[in-house]
Amino acid sequence: MTKQIIQIKAEPLRLTLKTTIRHAAATRNEGESIWVQAQRHEHTGYGEGCPRDYVAGDDLASSLKWIEENFSEGKADFSTLDEVRQWISSHEKIIDQYPSAWCAVEMAVLDLLAREKGCSVEGLLGITEGMRFGRYTAVLGDSKSWQYVTLVDQYLIRSITDFKIKLSGNLEKDTQKIDLLEALSVQHHVSNLRIRLDANNLWKKHCDEAITFIQTLGCERIYAVEEPVQARDVKEISRFSTATGLPVILDESLCTLEHLRAFQNVPGQFIANIKISRVGGLIRALRMITEVKKRGWPIIIGCHVGETSLLTRAALVASAAADESLAAHEGAFGDYLVQREPVQPTLKFGREGNLDLRLPYYLKTVLGLQIVPVENWNTGFGMQCRMPQTPDDGAPDIFFLEMPDGYKIHYRCWGRTEGDDALLILHGGMSHSGWQAPLAIQLQSMMPELTVIAADRRGCGLNDKRGDLGSVHAVIEDVIQHVEFLKKSFKRVHLAGWCQGAQYAAVAASGMPDVVSSLILLAPVFFSGERFHSVSDITEKVLRGMITEFKLKPGYDHACIPIPMESTDFTLVDEWLDFIEKDELKTTLLNLKSVRIMDEIQEMSWPAMLKNRLPVIAIMAEKDRIVDNDKVIKFLDHLFSGDTGNQIIILSSGHAIQFEKPEETALAILNFIRNLNSRISSRSLLHESERSYHCRTG
């Protein structure tokens with residue numbers, strides 16, 4: 001029988017962290033992983049690895065290259081667990097060089113094999129399935145004092161008692177960290193604190209300094225110290241332990257079994273911190289656990305900063321194997337730390353640091369409470385994952401138009417630079433012209449002769465001074481100038497506005513009814529929903545209150561007022577949520593002046609629409625979380641009475657109709673433009689016929 005090859009795909013995964021994590025070895029505000037998909041027929045498995053050059057010596061670029069060279073083009077032919085184990089046994093040295101890369105591949109293959117067999121990864125590996133439970137450690141980085149206190153409060157409110165403190169090497173500061181933790185635990189009535197310290201190899205060649213420092217802090221207050229000196233310096237690690245009487249937690253010092261053997265019969269106390277990615281996968285982690293247990297050492301199942309819930313799930317397999325030797329469990333931060341991850345459900349600890357998958361798992365989402373049944377974990381890892389994607393933008397040309405005041409308005413252009421019809425689209429308050437790409441691509445594919453232009457509004461996207469809208473006159477004049485510029489090259493210019501852009505389009509069009517051929521309103525925010533309106537008001541009040549309370553003096557042009565919008569306000573489609581989260585061009589902050597400009601433009605749009613005489617199509621989103629559709633439809637109702645040719649269409653979509661319904665939106669727009677052009681052509685023929693008749697009878 002022909003062996004069925006596994007198709008392996010590997011991509012870099014960079015996830016935004018909600019806070020910057022600092023320690024002696026690195027500062028990180030972004031997670032960095034290898035994300036692997038293993039596919040065979042209808043089954044798909046996923047894996048993750050976290051290369052860290054300061055930990056095991058591997059980095060992201062070389063790890064991805066190694067996977068490409070060894071597992072692409074059908075080179076992965078694992079059909080059984082034994083074949084995976086045989087591969088590991090034959091490639092130990094190369095896995096030592098690329099532990100995180102192999103971890104990602106192995107996890108994906110194990111997930112795939114388990115799904116093919118219809119069992120859990122635990123079942124595949126022969127691990128007890130009823131041990132999917134972890135009690136997690138609270139990790140405190142080397143942050144500013146107020147940030148540190150805030151984080152300690154959050155942990156203690158959840159009644160977490162196990163803490164790991166990252167050391168800075170500043171005795172006064174590190175002493176204060178322990179003092180604050182102990183004092184705040186009394187305030188929160190949390191007892192039985194256990195504190196360990198992580199030095200991240202702070203005293204690489206200064207063991208005596210390390211010993212003195214820890215003794216001054218107070219050994220009696222500390223459970224253990226992680227990596228105080230140079231990694232794998234067995235002699236100095238032993239000396240530190242015997243001098244302080246404290247166990248040393250081995251992290252970077254324990255990547256392979258060879259490293260473990262180096263500590264055979266060495267004086268001191270030791271704890272193994274086993275990170276699945278660092279040791280080269282789950283199978284090698286289980287083997288390491290077996291050997292550590294023979295030595296009677298406690299075991300910590302560790303994690304890397306920025307790991308996703310997929311590695312959290314895999315680590316539960318390792319902690320089950322550690323069983324009674326398990327001293328602590330790290331990770332399960334989920335969306336406490338990571339802004340967004342390509343995996344569901346998000347796994348994170350709850351009260352007392354517990355994550356218990358032996359019971360139904362409850363997760364709060366934007367749609368309400370998600371309940372994950374226990375049976376979910378009985379197939380593979382039980383996680384629903386997706387590969388990172390970069391949406392097609394249609395490769396538009398990018399130009400700029402210089403305004404009379406010298407400001408350059410950048411715009412994307414799909415199609416020819418001259419012709420009969422051009423559609424100019426204005427984006428919303430948080431977005432930019434690139435968000436219109438899905439719609440532009442559809443419009444072009446259906447009507448190649450139509451040129452689609454999407455402009456970045458002043459203070460947005462590719463333009464200068466992000467968050468500064470300039471003035472009311474400037475933002476409207478920018479649109480007028482752009483329309484007049486396009487009118488030189490096109491017979492007809494149709495003006496469209498999505499979201500807040502509809503307000504700008506309405507105001508600009510009211511000032512040049514003889515230049516614009518039609519007005520196209522896409523999920524127009526003439527009136528926002530009560531939820532969004534309240535959040536906007538509260539955000540501004542809170543920020544202004546903080547400015548007053550803390551006597552802040554933001555600069556005139558300083559963009560410091562958050563735009564109170566979430567990715568999920570626009571769409572609930574994962575691909576587009578990922579896109580929004582990663583988008584570096586979106587506008588998230590405004591200066592004080594620009595907040596008022598936005599309010600003024602909205603008010604100006606109301607009389608503009610009431611006076612409008614241009615042909616109009618309004619395309620609404622039925623599931624809009626931003627727009628108050630009832631108010632907007634009632635407000636625009638006068639435009640759709642009688643035989644005007646105006647249209648209002650409601651699509652089953654979230655606010656970002658160009659993301660969720662690009663084809664339907666494009667079709668509605670094109671039908672509207674074609675019907676409009678047909679009416680114009682018919683009127684022109686009628687006028688020509690009447691003129692010809694009058695000439696003959698004259």
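Derivation of every value follows stated rules applied to the coordinates shown; laboratory data play no part. All of these numbers come straight from a predicted model, not from anything done at the bench. Here the Cβ positions follow ideal geometry from the backbone for every residue, glycine too, while neighbour counts run over all protein chains shown.
Between Cys119 and Phe550, the distance separating the two model label sites (each 7 Å from Cα on the Cα→Cβ line) works out to 5.5 nm. Over region 62-193, the fraction of Cα-Cα pairs per 5 Å bin, rounded to whole percents and listed from the shortest bin up, is 2, 8, 14, 13, 9, 7, 9, 11, 12, 9, 4, 1. Computed from label points 7 Å out along Cα-Cβ, the spacing between Glu352 and Glu172 is 4.0 nm.
Across q = 0.06, 0.08, 0.11 Å⁻¹, the chain modelled as identical point scatterers on its alpha-carbon atoms has Debye log10 I(q)/I(0) values of -0.46, -0.75, -1.14, in the order of the q list. Ranked for footprinting exposure by Cβ neighbours inside 10 Å, fewest first, Asp628, Asp392, Asp251 give Asp392, Asp628, Asp251.
Send over the per residue convex hull volume for region 7-119, Cα only, as a whole number of Å³.
On the way: hull volume 13.0 nm³, N = 113.
Spread over its residues, the Cα hull of region 7-119 gives 115 Å³ apiece.
Between region 302-360 and region 207-280, how far is it from one alpha carbon centroid to the other, in angstrom? Using only Cα atoms to place each centre, the spacing works out to 24 Å.
Given the convex hull of the Cα atoms of region 129-383, what is a quarter of its surface area in nm²? Before the final figure, lay out the partial values.
On the way: hull surface 55.0 nm².
Taking the Cα atoms of region 129-383, their convex hull projects to 13.8 nm² on average.
Fewest-first ordering of Arg596, Arg412, Arg28 by other beta carbons within 10 Å of each residue's beta carbon gives Arg596, Arg28, Arg412.
Protection proxy ranking, highest mean first, for peptides 100-106, 170-176, 241-247: 100-106, 241-247, 170-176, where packing is the per-residue count of other beta-carbon atoms within 10 Å, averaged.
Give the calculated FRET efficiency between Arg416 and Lys582 to the nearest 0.05, with a Förster radius of 30 Å applied to their Cβ-Cβ distance.
Computed FRET efficiency for Arg416 and Lys582: 0.45.
Couplings 3J(HN,Hα) of region 424-434, computed from phi: 9, 10, 9, 8, x, x, 9, 9, 7, 4, x Hz, in residue order, whole Hz [Karplus 6.51 cos²θ - 1.76 cosθ + 1.60, θ = phi - 60°; x for Gly and Pro].
Karplus-derived 3J(HN,Hα) values for region 281-287, using 6.51 cos²θ - 1.76 cosθ + 1.60 with θ = phi - 60°, are x, 6, 5, 5, 5, 5, 5 Hz; glycine and proline are entered as x.
Working from label points 7 Å from Cα in the Cα-to-Cβ sense, the Glu129 to Arg679 distance is 6.5 nm.
Inter-part distance, region 400-452 to region 361-376, computed on C-alpha centroids, equals 41 Å. Take every DSSP beta bridge whose two residues both sit in region 129-383; close to 25 percent of them are antiparallel.
Dividing the convex hull volume of the alpha carbon atoms of region 373-414 by its residue count, what do you get in Å³ per residue?
On the way: hull volume 6.0 nm³, N = 42.
Enclosed volume per residue, from the Cα hull, is 143 Å³.
Could you calculate the FRET efficiency of Gln7 with Ser62 from 1/(1 + (r/R0)^6), where r is the beta carbon distance between them and R0 is 35 Å, rounded to 0.05? For Gln7 and Ser62, the calculated efficiency is 0.95.
Evaluating 6.51 cos²θ - 1.76 cosθ + 1.60 at θ = phi - 60° for every residue in region 188-203, the Karplus couplings come out as 8, 6, 9, 10, 6, 4, 10, 10, 10, 10, 10, 8, 6, 6, 4, 10 Hz, glycine and proline recorded as x.
How many percent of Cα pairs in region 108-166 exceed 17 Å? Each step should come with its number before you reach the end.
Numbers: 995 of 1711 pairs.
The answer is 58 percent, as a whole percent.
Note on region 401-551: Cα-Cα pairs beyond 26 Å make up 29% of the total pair count. Calculated mean residue ellipticity, 222 nm, the chain: -12000 deg cm²/dmol, from DSSP H runs (n ≥ 4) at -39500 (n - 2.57) each, averaged per residue and rounded to 500. Cα centroid distance between region 562-613 and region 528-557, in Å? About 16 Å separates the Cα centre of region 562-613 from the one of region 528-557. DSSP assigns beta bridges within the chain; of those with both partners inside it, close to 45 percent run antiparallel. Close Lys pairs in region 7-119, defined as Cα atoms under 29 Å apart and 8 or more places apart or on different chains, number 9.
Using C-alpha pairs below 8 Å separated by at least 6 residues, the relative contact order for region 7-119 is 33 percent.
Exposure proxy shown here: for His494, His482, the number of other Cβ atoms within 10 Å sets the order, fewest to most, as His482, His494. Peptides 179-189, 423-433, ordered by how many other C-beta atoms sit within 10 Å of their residues on average, highest first, read 423-433, 179-189.
Close amide-amide hydrogen proximity is noted between Ile649 and Ala618, Ile619, Met620, each under 5 Å apart and 5 or more residues distant or on a separate chain (H modeled in the peptide plane; Pro and chain starts excluded). Take the convex hull of the alpha carbons in region 518-668; its mean projected area over all directions comes to 10.5 nm².
Using C-alpha pairs under 8 Å with a sequence gap of at least 6, the mean separation divided by the residue count of region 498-568 gives a relative contact order of 29 percent. When only Cα pairs below 8 angstrom with a gap of at least 6 residues are kept, the chain shows a relative contact order of 10 percent. The stretch between Asp557 and Val266, if pulled fully straight at 0.36 nm per residue, gains 98.5 nm over its current Cα-Cα span.
Computed FRET efficiency, Cβ-Cβ of Gln647 and Val366, R0 35 Å: what is it to the nearest 0.05? Kindly include the intermediate steps, with their values, before the conclusion.
Working: r = 31 Å, r/R0 = 0.89.
The pair Gln647/Val366 has a calculated efficiency of 0.65.
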